[in-house]
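Asker: First, the structure itself, so that you have it in front of you.
FYI, it's all coordinate maths here, none of it is from the lab. What you see is a predicted model; the values in this text were computed from it and never measured. So basically every Cβ, Gly included, is an ideal-geometry build from the backbone, and we count neighbours across all protein chains shown.
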Amino acid sequence: MKGMKAMVKKIMKIVGIVFLVLLAVCICAVIYWCYQNLHWWEKDMKQIEKLGIVERQVTLPNGNVINYGELEGDGPALLLIHGQMGSWEDYASVIPELHENWHIYAIDVYGHGESTHKEELYYLDVNGDDIIWFIENVIGQETVVSGHSNGALTAAYVAAYGGDLVKGVVLEDPPVFSTQGENWENSFAYLDTYKPLHDYISSEQTECWEAYYLRHCYWGELFMKDSMPGIANYAQHYSESHPGEEVKIFFMPASATSVFHYVRQYDMKYGEHFYDLTWNNGISHEQLLADIEIPCIYLHAKEDTADNGVYLCAASKEQAERAVTLIGDNCQLIETDDSNHNIHGTHTQIYVDAINRFLKGYIE
């Protein structure tokens, strides 16, 4: 009997130790997860800084300033154009692998980062023409251009009208047709970003943008409706406790809050030109796409819709296929297996492979 009790006691002790070890591992995992949520960009930035990336600025003859990161390399020139509420640093996670084959230039578009903030510049052709100047006068050699989201529409403009130096273009999930009004008010971008932006600009702004956004974002309404008011209150408290700083939420993943990292250097009037559909400045997407004659790869995030029919994607499959048809035989459509809009961040190999297809000067 005593032997049995001793054995049970020993087993219970082992179970207790195992439980404590598992508990410690879980606690460490949670702490690490929270730390990553607060510092998600640091590892990538340190890596590209170690590689020697340099942030520069150039002033154009018209007085506008384009801010950009440059990482010199032995390969041909690659120009990267970020999307809404981003900056050139948005590409930090993919730059090291791209650097193996390319000399990289990543710019801040107007109204973002350290480039000029003037509302009269927040148009497709105005920014596009200055980026063409940048290619001709700063890069000064044959260039492949890649843009993300509305930056992909800007890349399409550069591809169509940029002249002989532009040799290829990657369009990463552009919001084709929707951002010129097609089913616009039933799109995720409109409901989640541009309408809240417009309403915030028009309001008394009694709370910070981050709190207002979390209180009114469409993804929150779809997936976390009951939790969003509390999260928004936390964001407001953080903003008040850290005036002028980026709002950080330790219990939310970077995929949900990364946009806050760049918003303090973002002019909300830029977004207003998407809300009222003036950003295209009279340029139709149909004509823009039809005017692209150089090799093109269109990366499309898989179509997804909410139960109520709202598009949870930048473009439907039909819109993407229509865009490729307009560009013609020189364009290849590649679709991912999910609807994550940030293809270069979540499908890095697909993105890098698409860029590297241009090393041979053509699409196979």
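Asker: Would you calculate, for the chain, the mean residue ellipticity at 222 nm contributed by helices, counting each DSSP H stretch of 4 or more residues as -39,500 (n - 2.57) and dividing by all residues, to the nearest 500?
Answerer: On the way: 15 runs with 153 residues, N = 364.
Calculated at 222 nm, the ellipticity per residue is -12500 deg cm²/dmol.
Asker: Scan the chain and note any complete DSSP helix (H) whose C-alpha atoms cover at least 24 Å along its axis and whose Kyte-Doolittle average is -0.5 or more.
Answerer: Span-like helices, by this rule, are 2-39.
Asker: Subtracting the Cα-Cα distance from 0.36 nm times the residue separation, let me have the gained length for GLN141 to ALA6 in nm, one decimal. Walk me through the numbers on the way to the answer.
Answerer: Details: separation 135, 0.36 × 135 = 48.60 nm, distance 8.00 nm.
Length gained between GLN141 and ALA6: 40.6 nm.
Asker: Only Cα pairs under 8 Å and at least 6 apart count here; give the relative contact order of the chain as a rounded whole percent.
Answerer: RCO, the chain: 17 percent.
Asker: What full-extension length gain, to one decimal in nm, is calculated for GLU286 and ASP338 as 0.36 nm per residue of separation minus the Cα-Cα distance?
Answerer: Between GLU286 and ASP338, full extension yields 16.1 nm more.
Asker: Rounded to the nearest 5, what % of the DSSP beta bridges within the chain are antiparallel ones?
Answerer: Among the beta bridges of the chain, antiparallel pairing accounts for roughly 30 percent.
Asker: Using a Gaussian network model on the chain with a 10 Å cutoff between Cα atoms, which of ASP276, ASP226, ASP125 fluctuates the most?
Answerer: Comparing ASP276, ASP226, ASP125 in a Gaussian network model of the chain, the most mobile one is ASP226.
Asker: Further question: For the chain, what number results from the quotient of the Cα radius of gyration and 2.2 N^0.38 Å?
Answerer: Compactness ratio reported: 1.13.
Asker: Need the list of lysines near LYS225 for cross-linking: C-alpha distance under 24 angstrom, and skip anything on the same chain fewer than eight residues off.
Answerer: List returned: LYS195, LYS248.
Asker: By the 4.7 Å beta carbon criterion, which cysteine residues of the chain come out unpaired?
Answerer: Unpaired cysteines in the chain: CYS26, CYS28, CYS34, CYS208, CYS217, CYS313.
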